[in-house]
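Novice: Sharing a structure with you now.
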Amino acid sequence: MEKDILILAIESSCDETAAAVVRNGREVLSNVISSQIALHTLYGGVVPEIASRKHIEKINQVIEEALAEAGVTLKDIDAIAVTYGPGLVGALLVGVSAAKAISFATGIPLIGVHHIEGHISANFIENKELEPPFVCLVASGGHSHLVVVKDYGEYEIVGRTRDDAAGEAFDKVARAIGLGYPGGPKIDKLSKEGNPEAIHFPRAKVVENEYDFSFSGLKSAVLNYLNGCQMKGETVNTADVAASFQKAVIDVLVEHSVHAVRQFGFDKFAIAGGVASNSSLRAAFEKECAEKGIRFYHPSPVYCTDNAAMIGVAGYYEYIKGVRDGYDLNAVPNLKLGER
């Protein structure tokens, strides 16, 4: 019988301090997340310096809690996986420094993990039957990527945003209609009270690449609509604005993603990232994939937002491939998917 592989994972790329223990790449023994949302809500978005300081306060605590919850000690751990990019440089440095310190003190191998690879890998936690190849949409505050997952750790980005990421557009529109931060969950909730057909907002197409996204024009269209209403003294139905804006985003994400799945000849599709927890987006993909005969996979909401369990899964597949990093591992805020 083969020995179980236990990965201690650390994630601190933005405003969640997280640690987890993952067994054999598919089983989460613990997943501890210390969120800073309440703190950053005061400022209407993430303040990098505050995020970094909070990570320093919380990092040891969440690591100890993750080990305790999993019922293991550092002696049981086979490797330490840590997010080293992309993300906020100060925030990343806290996690990377903690991982390197533990590795140096114990001799446990160190593995740097790409944050987006972690999000994609979150799909393996609850969907035990899912294996590459498949197409994955990664939609979050900083990223809108359409990725062909060729194998574990082997990716090809076929589509990306030309300007605002989907989650970024959600946050900006939420702020404009007075919902505050974080915008995604608040627009999702409010849109259920509105009519998604009330206002027609544009669906952008990028001529040079049919799989690329652009949400800047949509965001501007919403702002122009709001300004127009204000100038004419008209009352704004924020629920209708939220629902119509959200539908415009979802229509584009679904159309581009399903088109890519069909064009590349796959029958499996997955979503990942914070925007993947949007209930209307999930429902739209469920419907479209069912109609097109495509198997649809998605993580639970807790694994869509930033967490360490997904980093542990990605780290496991890097570990069994023989990937190891030295103590010169550093934070790379603009790390590209597939780079090492």
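The values are calculated or read from the model by the stated rules, or taken from the named source; none is laboratory data. Fair warning: this is a prediction, and the values are worked out from it, not measured in the lab. We place every Cβ from the backbone using ideal geometry, glycine too, and count neighbours over all the protein chains shown.
Novice: Run down 98, 79 and say which single residue is modelled with pLDDT of 95 or more and touching a Phe, Trp or Tyr at 6+ places or on another chain (Cβ under 6 Å).
Specialist: When all the criteria are applied, what remains is 79.
Novice: Please name all residue pairs, on different chains or six or more residues apart, with Cβ atoms under 6 Å, provided the first residue is in segment 245-261 and is closer than 12 Å to residue 146 by Cβ and the second residue is of a type in the set (Lys, Arg) and outside any helix (DSSP H, G or I).
Specialist: 252/203
Novice: Turning to a different aspect of this structure: Return yes or no: is residue 311 in contact (Cβ under 8 Å) with a residue 12 or more places away in the chain, assigned by TED's automatic domain parsing to the domain that holds residue 84 and hydrophobic (A, V, I, L, M, F, W, C)?
Specialist: yes
Novice: If you go through segment 102-113, how many residues are touching a Phe, Trp or Tyr at 6+ places or on another chain (Cβ under 8 Å) and either outside the structural domain of residue 10 (by TED's automatic domain parsing) or not in a loop (DSSP other than H, G, I, E, B) (or both)?
Specialist: Within segment 102-113, residues that are touching a Phe, Trp or Tyr at 6+ places or on another chain (Cβ under 8 Å) and either outside the structural domain of residue 10 (by TED's automatic domain parsing) or not in a loop (DSSP other than H, G, I, E, B) (or both) number 6.
Novice: Sticking with this structure for a sec: Restricting attention to segment 181-198, and to residues there that are assigned to a loop (DSSP other than H, G, I, E, B) and crowded, with 21+ Cβ neighbours inside 10 Å, which single residue is nearest to the chain's Cα centre (by Cα)?
Specialist: Filtering first and then ranking leaves 182.
Novice: Any idea which of 72, 22 is buried (at least 20 other Cβ atoms within 10 Å of the Cβ) and not assigned by TED's automatic domain parsing to the domain that holds residue 186?
Specialist: Selected residue: 22, the only one of 72, 22 that is buried (at least 20 other Cβ atoms within 10 Å of the Cβ) and not assigned by TED's automatic domain parsing to the domain that holds residue 186.
Novice: Taking the options 92, 39, 67, 74, name whichever one is at negative phi and in contact with a helix residue (DSSP H, G or I) (Cβ under 6 Å, 6 or more places away or on another chain).
Specialist: Just one listed residue meets the conditions, 74.
Novice: Please determine, by comparing only the residues of segment 40-67 that are aliphatic (A, V, I, L, M) and touching an Asp or Glu at 6+ places or on another chain (Cβ under 8 Å), which one is surrounded by the most Cβ atoms within 10 Å (Cβ to Cβ).
Specialist: Among residues in segment 40-67 that are aliphatic (A, V, I, L, M) and touching an Asp or Glu at 6+ places or on another chain (Cβ under 8 Å), the one surrounded by the most Cβ atoms within 10 Å (Cβ to Cβ) is 51.
Novice: In this structure, is residue 271 closer than 30 Å to residue 23 by Cβ, in contact with a helix residue (DSSP H, G or I) (Cβ under 9 Å, 6 or more places away or on another chain) and in the same structural domain as residue 66 (by TED's automatic domain parsing)?
Specialist: Here the answer is no, as residue 271 does not meet what is asked.
Conditions (1) of a type in the set (D, E, K, R); (2) over 18 Å from residue 10 (Cα atoms), marked per residue:
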site	(1), (2)
55	no, no
106	no, no
114	no, no
144	no, yes
156	yes, yes
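Novice: Taking residue 72 as the residue in question, decide whether it is in a loop (DSSP other than H, G, I, E, B) and either among the β-branched types (Val, Ile, Thr) or without any contact (Cβ under 8 Å) to a residue 12 or more places away in the chain (or both).
Specialist: It is true that residue 72 is in a loop (DSSP other than H, G, I, E, B) and either among the β-branched types (Val, Ile, Thr) or without any contact (Cβ under 8 Å) to a residue 12 or more places away in the chain (or both).
Novice: Would you please name the residue that is nearest to the chain's Cα centre (by Cα), looking only at residues in segment 164-180 that are buried (at least 18 other Cβ atoms within 10 Å of the Cβ) and part of a loop (DSSP other than H, G, I, E, B)?
Specialist: Filtering segment 164-180 for residues that are buried (at least 18 other Cβ atoms within 10 Å of the Cβ) and part of a loop (DSSP other than H, G, I, E, B), the one nearest to the chain's Cα centre (by Cα) comes out as 165.
Novice: Of everything in segment 136-163, what is of a type outside the set (A, V, I, L, M), surrounded by fewer than 24 Cβ atoms within 10 Å (Cβ to Cβ) and part of a strand (DSSP E or B)? Give them in sequence order.
Specialist: Answer for segment 136-163, where residues must be of a type outside the set (A, V, I, L, M), surrounded by fewer than 24 Cβ atoms within 10 Å (Cβ to Cβ) and part of a strand (DSSP E or B): 150, 151, 154, 155, 156, 159, 160, 161.
Novice: I need the full set of residues from segment 34-63 which are of a type in the set (Ser, Thr, Tyr) and assigned to a helix (DSSP H, G or I), in order please.
Specialist: 41, 52
Novice: Which of the following residues is outside any helix (DSSP H, G or I), within 19 Å of residue 310 (Cα to Cα) and in contact (Cβ under 8 Å) with a residue 12 or more places away in the chain: 19, 66, 91?
Specialist: 19
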